[in-house]
Every structure is written in C-alpha cells, then in structure tokens.
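Student: Shown below is the structure under consideration.
The values are calculated or read from the model by the stated rules, or taken from the named source; none is laboratory data. Predicted model only: the values in this text are computed from it and were never measured. Here the Cβ is made from the backbone with ideal geometry for all residues, glycine too, and neighbour counts use every protein chain on show. The protein model used for the area step is the full one, side chains on, heavy atoms only, and it has no ligands, DNA or RNA in it. Shrake-Rupley method; radii C 1.70, N 1.55, O 1.52, S 1.80 Å.
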Protein chains: 2
Amino acid sequence: MASIDAILNTIDANLPASTKRLFDLLSIPSVSTDPAYTQHCLRAANWLADELKGLGYSAEVRETPGHPIVVGHARAKRKDAPHVLFYGHYDVQPADPLELWRSDPFAPRLADGKDGKEIVARGASDDKGQLMTFVEACRAFEANGGLPCSVTFLFEGEEETGSPSLPDFLAAHKAELSEPAIALVCDTGMWNASTPAITVMLRGLAQEEVIITGPSHDLHSGMFGGPVLNPIHVLAKIVADLHDAEGKVTLPGFYAGVPELPEDIAEQWRNLEFDERAFLAGLGLTHVGGEAGRGVIEQIWARPTCDVNGIVGGYTGKGSKTVLPAQASAKFSFRLVGSQDPKAVMESFRAFVRERLPADAKAEFISHGASGALQLPFGSEALSRARRALAEEWGKDAALVGCGGSIPIVGAFKRDLGMDALMIGFALEDDRIHSPNEKYSYTSFHKGTRSWARVLDALAG
Amino acid sequence: MASIDAILNTIDANLPASTKRLFDLLSIPSVSTDPAYTQHCLRAANWLADELKGLGYSAEVRETPGHPIVVGHARAKRKDAPHVLFYGHYDVQPADPLELWRSDPFAPRLADGKDGKEIVARGASDDKGQLMTFVEACRAFEANGGLPCSVTFLFEGEEETGSPSLPDFLAAHKAELSEPAIALVCDTGMWNASTPAITVMLRGLAQEEVIITGPSHDLHSGMFGGPVLNPIHVLAKIVADLHDAEGKVTLPGFYAGVPELPEDIAEQWRNLEFDERAFLAGLGLTHVGGEAGRGVIEQIWARPTCDVNGIVGGYTGKGSKTVLPAQASAKFSFRLVGSQDPKAVMESFRAFVRERLPADAKAEFISHGASGALQLPFGSEALSRARRALAEEWGKDAALVGCGGSIPIVGAFKRDLGMDALMIGFALEDDRIHSPNEKYSYTSFHKGTRSWARVLDALAG
C-alpha cells in the first residue's frame with residue numbers, strides 16, 4: 001500500500017479537479033422539500049452513483065417512498081481491513097429568499113472570504129461539500145492502490161425534510177448495511193477554523209404533552225371564580241415544581257445514568273476557546289442559567305434538561321376576557337445524556353404530574369417520542385485513531401465536543417443497525433447553512449479531504 | 001295618598017293592559033350591537049320617552065355617540081319625599097341563532113311554561129320586562145294620586161355592548177342625575193321562583209397582563225437548552241407562588257380590607273336552598289376548590305380571588321417543536337371584595353412579579369382596568385325598607401345575595417354619581433337570557449310590578 005504522504009500528495013495535486021466535480025454536484029438544485037425539484041434530486045442521486053461507479057465501486061440508486069437513497073460498496077484489498085459506513089446527504093434546503101444571494105445559488109463559484117477562499121453555493125457546506133471531501137479522499141486512495149478500509153456509502157436525499165424514508169430503508173436493508181463496525185457521519189463542524197472537532201455526545205430527547213382539565217367547560221371568572229379549580233394554576237404548579245432552587249430537575253430518578261464528565265474531557269472543555277459572555281450576549285443574556293455552578297458548554301453538551309416548549313390555556317388574544325378555562329396544556333421536552341432511560345423519565349414525569357393533580361383535575365398525556373442520548377465511548381479505539389489522524393493534519397488536538405440537539409440519523413444507525421457513529425465534519429459556524437450565500441471554506445474542502453484520508457488510514461491501523 | 005292596597009289593586013286590574021304595553025316594547029327589535037337595528041333602538045327610546053310623558057313626566061331622548069339615553073323626571077307631591085334614580089336598558093342581545101326559536105323573537109307571546117305562564121321574546125327578561133315592572137308600578141301610583149318618591153328615570157340603549165357612552169353621559173349630566181339618594185337597578189334576579197333577592201355585594205375586578213421576556217429571540221431547545229433562561233418557567237413559578245396550600249392568595253397585603261361576613265348574613269346564606277353538589281356536578285366537578293373551609297356561595301359572593309384567565313408561550317400548535325421561547329405571558333384577574341384597594345392589589349402584584357424575576361428576565365405589565373367591590377351597607381335604611389317590602393309581597397324574606405361578577409353600571413353610579421344602588425330584579429335562572437326562547441315569568445312581571453310599588457311605598461316611609 002502507498003504511504004499516507006503519497007495519498008495526500010495526490011489530493012493536493014487533484015484539488016482543482018476535485019473542486020470541479022464538487023461544482024458539478026452543487027449545480028444540481030436538489031431541493032428535497034419542493035416537489036418541483038424532484039427530478040433534480042434524482043439527478044443528484046444518479047450523479048453520485050456514477051461517481052462511485054467511476055471509482056470502480058458498486059453503486060445503486062434505490063427507490064424510497066420519497067427521494068432515492070444511493071448505496072455503494074467498496075472493498076478494501078486487505079481481507080481483514082475494517083469496514084466503515086459513510087453517510088452524507090445530497091439534498092439541500094431551498095435557496096429562498098433568492099434576492100439576498102449575491103450570485104445564483106446553483107452556480108457555484110470560488111469567492112474571496114474574510115478568512116480565505118470560499119465555495120459559495122446552496123449546499124456547499126450542508127452537505128455536498130462535506131460529502132465530497134470523503135469521496136475525493138477515496139479517489140486519492142484509488143489512484144494509489146486502493147482503499148485501506150472497506151466502505152459502504154449511504155447518501156440520502158431527504159435529510160432536510162427529516163429523513164422520513166430512512167428508518168424503513170435501514171430496516172429493510174439491515175443485512176446489507178449493518179456489516180460495517182462504525183458509521184462515519186460528515187454533517188458536523190469544526191470547533192473553529194483552526195481546530196478540528198469530533199462530536200462524541202448527542203443528547204437524547206423525550207417529549208411529552210400534558211393536557212390538564214378542570215371544569216367541564218369554560219366559565220365566567222366572576223360568576224364562578226373562587227371555588228372552581230383553574231387548570232392553569234394546576235399546570236403552573238407542576239411546571240414550577242419541576243426544578244429546584246439550584247436549577248436541578250426534581251423528577252424522582254431523573255439523574256440516574258447521568259455521568260459526571262471524565263476529568264480529561266472536563267479539562268479539555270475548560271481550555272476550549274469559548275467566550276461565555278459573548279455567547280450569552282448574542283442571546284440578549286448576561287447570566288448562565290440552569291444548573292447552579294455548571295457552565296454553558298457542560299450544560300448544553302453533557303447535562304440533561306427539562307424545558308417547557310409551549311404552554312397555552314384560556315384567553316390569549318388581545319385585551320382581557322374573564323374566563324376560567326376548562327383546560328390548559330403544555331409541551332415538555334427532556335434532553336437526556338449518558339444512559340438516562342427515556343422511558344423511565346417519561347414514566348417518572350407522568351407519575352409526578354398525577355401526584356400533583358388536585359381533586360377533580362384530570363391529566364391527559366400525549367407522547368411526542370423519546371430517544372436516549374448517544375455517546376461514542378471516550379475510550380473507543382476508533383475515536384483514538386481518528387483523534388490522532390486529525391491532530392496530524394491540523395497540528396492540534398481535535399476538540400471532543402457534544403451536541404445539545406439530536407441528529408436523528410445517528411440515532412437511527414444506533415437503533416436500527418446497532419452502530420456507533422464517528423461524527424467528523426469541517427463546516428464552520430459562519431457557513432450560513434440554510435441561509436442565503438451559503439459557503440464552504442476552501443480550506444475545509446481541501447484539508448477535510450486530507451483529514452478523511454488520514455482517518456481512513458488510521459482506522460486501518 | 002292612596003293606601004298601598006289600592007295601588008296593588010290597580011296593578012292587578014291593569015295587568016292585561018300592562019302586558020300589552022310590554023309586548024309593544026318587546027316587538028321593537030332594539031339590538032344594540034348590530035348597526036342594521038339602529039333605527040329600532042331609536043324607536044324603543046322614543047317609545048319609552050312617550051310612555052313617561054304619557055304618565056305626565058318630563059322625558060327626553062338624549063343623543064350619545066352611540067344609541068340614545070332616555071332621561072325622565074317625575075316629582076313626588078310631597079316635598080320631602082325621597083328621590084330615587086331608576087336604571088334599566090331598552091337594548092337587547094341579537095336573537096341569533098334564529099332557527100332555535102320556537103316563535104318569532106320579536107313577536108312576543110304568552111306561553112305555558114313548566115312553572116306557569118311565560119312571556120316569550122328577546123328582551124322579555126333582559127331587560128324590557130324588568131324595566132316595565134317599574135314603569136307599570138309608577139302608572140298605578142299615578143292612577144291613585146301620584147308617586148310617593150321623586151324618580152329620575154335613566155334608560156340606556158348600550159348595556160349589551162358594554163355601556164360605552166354611559167360614563168361620559170353621567171359625567172356630562174352629573175348635576176341633573178346626582179340628586180337622587182339611591183339608584184334602583186332592575187337588571188338582577190330572584191334567588192329562586194318563590195324567593196326574592198336583593199343583590200348587595202358585587203365583587204370588584206383588577207386585571208393585569210404580564211409578559212415575561214428571557215432571551216432576545218426564540219432558540220432551539222437542543223442547541224441552547226440548559227443554561228438559557230426559559231420565560232415559561234419563570235411565569236409558571238410566579239403563578240404557582242400566588243396561592244398557598246390552603247388556597248389563599250399570597251400577595252402581601254391582599255386581604256387588607258376583606259371583611260369576614262356578618263354572622264346574620266352568614267346564617268342566611270347557610271340557610272339558602274343551595275345544592276353545592278348539584279352546582280359542582282353541573283360544572284363536571286365534585287369538590288369545592290379555592291380557599292379551604294369556605295363554601296361555594298361565600299367564595300363567589302364574598303371572597304377575593306386571583307385567577308389566571310389566559311397563559312401562552314412557545315409553540316402551541318399540534319405536535320412538538322423544540323423551541324426555547326423568548327417570551328411567555330399571562331392574563332391575571334383579581335376579584336375584589338369589601339374595601340380592598342384595586343390599586344394597592346395591582347402594585348403588590350407587580351412587586352411580587354418583579355421579586356421573582358431571575359437575572360436576565362424582564363417583565364412588562366399591561367393593565368386591563370381595575371375597580372373596587374361595591375357593597376350596599378348591610379345596615380342601610382333603604383335596604384331595610386326594601387327587605388320589608390319584598391317580604392310582604394312574597395311572604396318570605398328576601399335573600400341578600402352577592403354577585404361574583406361586576407355590573408359596570410353600578411360601578412359607574414358609585415364612581416361618577418357617588419350613589420349606592422339597590423339591585424332588585426325578578427329574573428329567574430332559567431330565563432334563557434342571551435339565548436333562544438328567552439322568557440320572563442308572568443308571575444315575575446306581575447309580582448315584580450307589585451314589588452316595586454311596595455318598595456317605593458316603603459322607601460317613602
């Protein structure tokens with residue numbers, strides 16, 4: 001096998017051709033949410049399958065109830081080479097509002113940005129540019145004797161609409177897709193322009209709606225106010241009781257399975273260049289809320305929450321109306337970490353609510369889904385190798401970061417394929433994804449490709 | 001002067017003619033809220049002024065920015081006779097939905113009801129029938145030598161739309177209208193079909209809307225949840241804190257000016273035929289809520305409340321949305337009794353809210369008005385005389401009742417004319433006011449007229 005240096009040299013030499021290929025893909029307006037672009041989504045899928053076939057891999061455009069999924073297979077020469085699944089998506093957000101673009105969103109161009117050259121187009125960063133860093137890394141291996149790992153490619157076309165067809169697709173093709181030991185997911189970002197990142201924690205999410213009913217119908221608050229139960233008061237008491245004075249969630253058993261951060265990770269996070277005051281100022285805030293004594297990063301990445309995302313009851317229009325409402329409702333969400341059990345949290349919550357219902361109050365529950373946190377074990381071998389590879393490319397350690405939100409596809413890999421995911425991407429915070437003038441740093445594209453080459457090489461050992 | 005028996009005999013003898021006159025008034029569709037009926041409102045006003053003039057009184061239809069107000073004056077022969085102001089309204093609610101009426105709402109008729117004859121028409125009970133009981137009582141006096149009290153008549157045409165023109169009218173005609181010692185208001189009801197009632201307490205009302213702001217804009221609850229202040233939580237805590245475990249309002253100073261009920265009134269209320277269980281069952285409830293140890297009647301008539309009439313924040317549509325809202329708001333109302341000071345309550349409330357704002361939370365307040373409770377002093381001479389008169393007519397004591405809601409006109413008399421009101425009416429709970437097939441018991445009309453004759457006689461001493 002060729003040395004990694006040879007691979008990297010090939011990547012450097014081919015950068016103009018790689019960029020041209022990316023521009024071809026970016027020029028296809030594969031907007032998944034708008035039926036008017038359906039044929040363009042199919043074009044993008046075919047384009048990707050052709051690319052994979054051009055590299056000598058098997059590749060098929062598979063139909064789904066929505067936009068097709070591209071599945072490709074590439075075998076490493078070495079029989080005992082590790083096998084990875086690479087995931088990306090070829091669909092993009094709509095380009096609207098068009099008038100805010102400085103150039104045609106589907107006529108990609110290289111522009112001079114404040115931090116160097118940028119690729120400007122819808123999908124440049126989310127996710128076509130990121131996806132192509134991996135494909136171009138594979139191409140460099142093919143020019144130098146072949147891949148060090150076997151790769152299953154999975155490119156979907158519905159990520160921007162919530163991946164509705166993906167879970168069934170994974171289930172239907174489980175035998176074919178579950179052979180890889182780990183998934184590589186490229187839909188994430190760098191810590192900052194000079195610091196790569198590996199996302200190792202995603203919070204889980206359990207969502208419950210509660211409808212509290214008091215009297216059988218709305219009543220006049222003058223004629224009935226006093227002896228009649230007000231369901232808004234009942235609901236408010238429940239919400240108020242859910243946190244203690246220190247900002248901790250009071251649900252019994254809630255913190256079971258919530259680990260304290262390993263000291264080395266805590267240390268790394270403390271040393272990340274993160275300006276809490278600037279972060280808060282951007283939100284119109286000056287104080288860190290939530291759990292007393294814990295910082296912004298720790299709370300968002302590694303601590304569970306309980307938040308009311310919506311509450312409504314009675315009259316909410318302009319002015320006043322003297323109504324005692326029959327009902328009040330709220331939507332609760334619990335962000336979960338570690339090994340917190342979503343089902344146990346939801347059951348504890350329902351019991352908590354029921355215990356607080358006064359005589360005559362009733363509670364109805366609607367579940368809006370629940371999934372546990374995902375965490376790549378800090379001690380995993382794949383993680384160590386990827387860290388080493390990224391450190392070599394960027395000259396500094398990769399930040400091991402969390403993500404406060406969920407990435408449904410990563411949950412699906414875990415749930416449906418039993419597969420952990422290594423989330424590595426080179427997007428930057430200012431890439432304007434989903435917004436006009438989306439861009440992808442030319443450095444991200446170039447060094448991202450080099451990074452994937454190093455990661456594949458490292459994973460092969 | 002003629003004896004009261006002579007007056008009552010005249011009333012009995014004239015009942016058919018009185019009924020015919022009421023039918024004339026009921027046949028005028030004086031719907032105040034619908035501009036299509038403006039001319040009918042004017043017709044009703046003119047009809048009333050003509051009636052008063054027909055009795056030998058001065059009467060004028062006075063213009064307002066809305067529907068006119070009829071003002072009439074009648075002088076008692078006795079120079080030292082007391083002077084009363086009689087208030088009623090000639091406007092009615094729309095008759096819709098018309099298809100639910102068993103006869104034309106503006107073609108009044110006598111029908112057989114479950115408790116005897118009924119006058120069926122829009123406005124029969126609210127308020128034309130009640131208003132005419134007083135006019136017909138005056139007519140009986142005129143047939144027997146004249147009124148025992150001087151009377152100022154005030155008939156408005158906008159009660160069903162909130163009396164928008166009345167406060168300015170009272171202010172503009174204060175000298176003319178404030179001579180009477182007391183107002184007689186006929187827009188209330190009996191305790192039950194055999195028990196008259198005098199409404200002696202009206203709760204006051206202070207309304208405050210609060211808007212709590214946290215972050216400067218809505219945020220993703222995954223990406224930001226934990227360290228970011230959630231204004232729904234802040235608001236819920238405030239709502240929860242407003243009542244203690246015994247159902248008492250916790251605002252500092254809230255109960256200043258809240259009297260305990262005089263024992264004789266408490267005793268009368270305990271002896272009223274009131275089925276708490278049936279009342280609650282009608283609302284889908286089984287337990288008396290609110291202040292521990294206090295019954296339904298006491299709480300609605302004589303105790304203050306704090307109720308949230310509406311609350312809203314975040315996402316309230318179907319399904320879920322992982323949003324951390326920038327704002328949450330609630331509309332609060334305080335029912336007031338005794339000499340509670342609405343201004344002090346509102347100030348205490350605002351301070352209470354401000355004290356509970358964590359760092360970075362802001363509160364904006366919108367006042368939706370405040371007025372104190374109204375109470376006719378239990379020891380008042382006019383009240384004693386009216387009680388005696390009603391007891392003579394009905395053969396049992398009048399219930400001294402409260403009303404949980406406010407009657408704005410009574411507040412206006414107190415505020416603008418410095419005048420207490422004696423609220424006596426003969427409506428029954430099942431009169432279907434504001435609903436199809438509104439009716440007024442023929443007994444209410446007949447004995448109501450007799451009752452007013454006795455009350456005027458008693459007030460004259």
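Student: What's the local net charge at A:Gly293, with K and R +1, D and E -1, over the other residues with C-beta under 14 Å away?
Tutor: -2
Student: Take A:Arg62, A:Arg43, A:Arg354 and sort them by solvent-accessible surface of the protein heavy atoms, 1.4 Å probe, largest at the top.
Tutor: So the residues, ranked largest to smallest area, are A:Arg354, A:Arg43, A:Arg62.
Student: Next question, about the same structure. Filter the trypsin sites (Lys or Arg not before Pro) in the range A:105-148 down to the DSSP loop ones having no more than 12 other Cβ atoms within 10 Å, then list what survives.
Tutor: Listed in order of number, the matching sites are A:Lys114.
Student: Report the calculated FRET efficiency for B:Glu179 and A:Arg270 (r = Cβ-Cβ distance, R0 = 51 Å), to the nearest 0.05.
Tutor: With a Förster radius of 51 Å, E is 0.05.
Student: As a test of reading the structure, rank B:Asp416, B:Asp168 by solvent-accessible area (1.4 Å probe, protein chains only), most first.
Tutor: So the residues, ranked largest to smallest area, are B:Asp168, B:Asp416.
Student: Can you compute the helix-only [θ] at 222 nm over the protein assembly as shown? Use -39500 (n - 2.57) per DSSP H run of at least 4 residues, normalise by all residues, nearest 500 deg cm²/dmol.
Tutor: Roughly -10500 deg cm²/dmol at 222 nm, from the helical runs in the protein assembly as shown.
Student: Once both labels are modelled 7 Å past Cα along the beta-carbon direction, what's the A:Arg294-B:Lys114 spacing in nm?
Tutor: 6.1
Student: Could I ask something else about it? Measuring label to label, 7 Å along Cα→Cβ, what does A:Pro262 give against each other copy in nm, shortest first?
Tutor: 8.0
Student: Taking the Cα atoms only, what angle lies between the long axis of helix B:342-355 and the longest principal axis of chain B, rounded to 10 degrees?
Tutor: Relative to chain B, helix B:342-355 is tipped by roughly 10 degrees.
Student: Quote the total accessible area buried by chains B and A together, excluding ligands, DNA and RNA, probe 1.4 Å, nearest 100 Å².
Tutor: Looking at B and A, the buried total is near 5100 Å².
Student: Under 18 Å between alpha carbons, and skipping anything fewer than 8 positions from B:Lys343 in its own chain: which lysines qualify?
Tutor: Partners within reach: B:Lys331, B:Lys414.
Student: Between the range A:381-420 and the range B:326-380, what's the alpha-carbon centroid distance in Å?
Tutor: When both Cα centres are located, 54 Å separates them.
Student: Going by a ≥ b ≥ c, the root eigenvalues of the Cα gyration tensor, does the range A:66-211 fall in the rounded group (a/c under 1.5), the prolate group (a/b larger than b/c) or the oblate group?
Tutor: Since a/c reaches 1.5 but b/c is at least a/b, the shape of the range A:66-211 is classed as oblate.
Student: Looking at the range B:288-332, which residues lose a minimum of 30 Å² of accessible area between their chain alone and all protein chains in place, measuring with a 1.4 Å probe and not counting ligands or nucleic acids?
Tutor: With the partner chains in place, the range B:288-332 has these residues losing at least 30 Å²: B:Ile300, B:Asp307, B:Val308, B:Asn309, B:Ile311, B:Val312, B:Tyr315, B:Thr316, B:Gly319, B:Ser320, B:Thr322, B:Lys331.
Student: Mind checking the angle between helix A:408-417 and chain A's longest principal axis? C-alpha axes, 0 to 90 degrees, to the nearest 10.
Tutor: That works out to roughly 80 degrees.
Student: Quick one: label points 7 angstrom along Cα→Cβ at B:Asp397, distances to the other copies in nm, smallest first?
Tutor: 8.6
Student: While we're on this one: Within the range A:421-461, find all residues whose amide N lies under 19 Å from a label point positioned 7 Å from the Cα of A:Ala13 along Cα-to-beta-carbon.
Tutor: So the set is A:446-447, A:449-451, A:453-454.
Student: Keeping the other protein chains in place, figure out the carbon and sulfur percent of the accessible area of the range B:238-319, with a 1.4 Å probe.
Tutor: Here carbon and sulfur together make up 53 percent of the probe-accessible area.
Student: With a 1.4 Å probe and all protein chains left in place, how much accessible area per residue does chain B have, in Å²?
Tutor: For chain B, the solvent-accessible area averages 38 Å² per residue.
Student: For A:Gly319, place a label point 7 Å out from Cα along the Cα→Cβ vector, do the same in each other copy, and report the separations in nm, one decimal, smallest first.
Tutor: Between copies, matching label points for A:Gly319 lie 3.5 nm apart.
Student: Let me ask something else about it. Return the FRET efficiency for the residue pair A:Glu246, A:Asp397: r is the Cβ-Cβ distance, R0 is 25 Å, and the value is rounded to the nearest 0.05.
Tutor: 0.15
Student: Please report, in Å, the Rg and the Dmax of chain A, where both are computed over Cα atoms only.
Tutor: Using the Cα atoms of chain A, the pair Rg, Dmax is 24.9, 87 Å.
Student: Kindly flag which residue pairs out of A:Lys396/A:Lys439; A:Lys237/B:Lys318; A:Lys20/A:Lys396; B:Lys20/B:Lys128 have an alpha-carbon separation exceeding 21 Å in this structure.
Tutor: Table pairs above 21 Å Cα-Cα are A:Lys396/A:Lys439; A:Lys237/B:Lys318; A:Lys20/A:Lys396.
Student: Now a separate question. Determine the shape class of the range B:262-404: with a ≥ b ≥ c the square roots of the Cα gyration tensor eigenvalues, call it rounded for a/c under 1.5, and otherwise prolate if a/b is greater than b/c, oblate otherwise.
Tutor: It is prolate, given that a/c is not under 1.5 and a/b is the larger ratio.
Student: Ok, one more. Decide, for the range A:219-300, between rounded, prolate and oblate: order the square roots of the alpha carbon gyration tensor eigenvalues as a ≥ b ≥ c, take rounded if a/c falls under 1.5, and otherwise choose prolate if a/b is larger than b/c, else oblate.
Tutor: oblate
Student: Taking 1 over the mean of 1/r across every pair of different Cα atoms in the range B:342-461, what Kirkwood radius in Å do you get?
Tutor: 18.1
Student: At what distance in nm do the modelled label points of B:Arg415 and A:Ser339 sit from each other, each positioned 7 Å from its Cα along Cα→Cβ?
Tutor: 6.6
Student: What part of the accessible area of the range A:1-103, given as a whole %, is carbon or sulfur when the probe is 1.4 angstrom?
Tutor: Carbon and sulfur atoms account for 53 percent of the accessible area of the range A:1-103.
Student: For the range B:320-392, which whole percent of the accessible surface, found with a 1.4 angstrom probe, sits on carbon and sulfur atoms?
Tutor: Roughly 48 percent of what the probe reaches on the range B:320-392 is carbon or sulfur.
Student: What is the angle, in °, between the Cα long axis of helix B:231-241 and the longest principal axis of the Cα atoms in chain B? Nearest 10 is fine, range 0 to 90.
Tutor: In chain B, helix B:231-241 runs at an angle near 60 degrees to the longest axis.
Student: Per residue and in cubic angstrom, what volume does the convex hull of the Cα atoms of the protein assembly as shown have?
Tutor: 190
Student: May I pose another question? Among A:285-298, B:20-33, how do they line up by average Cβ neighbours within 10 Å per residue, starting with the highest?
Tutor: Packing proxy ranking, top to bottom: B:20-33, A:285-298.
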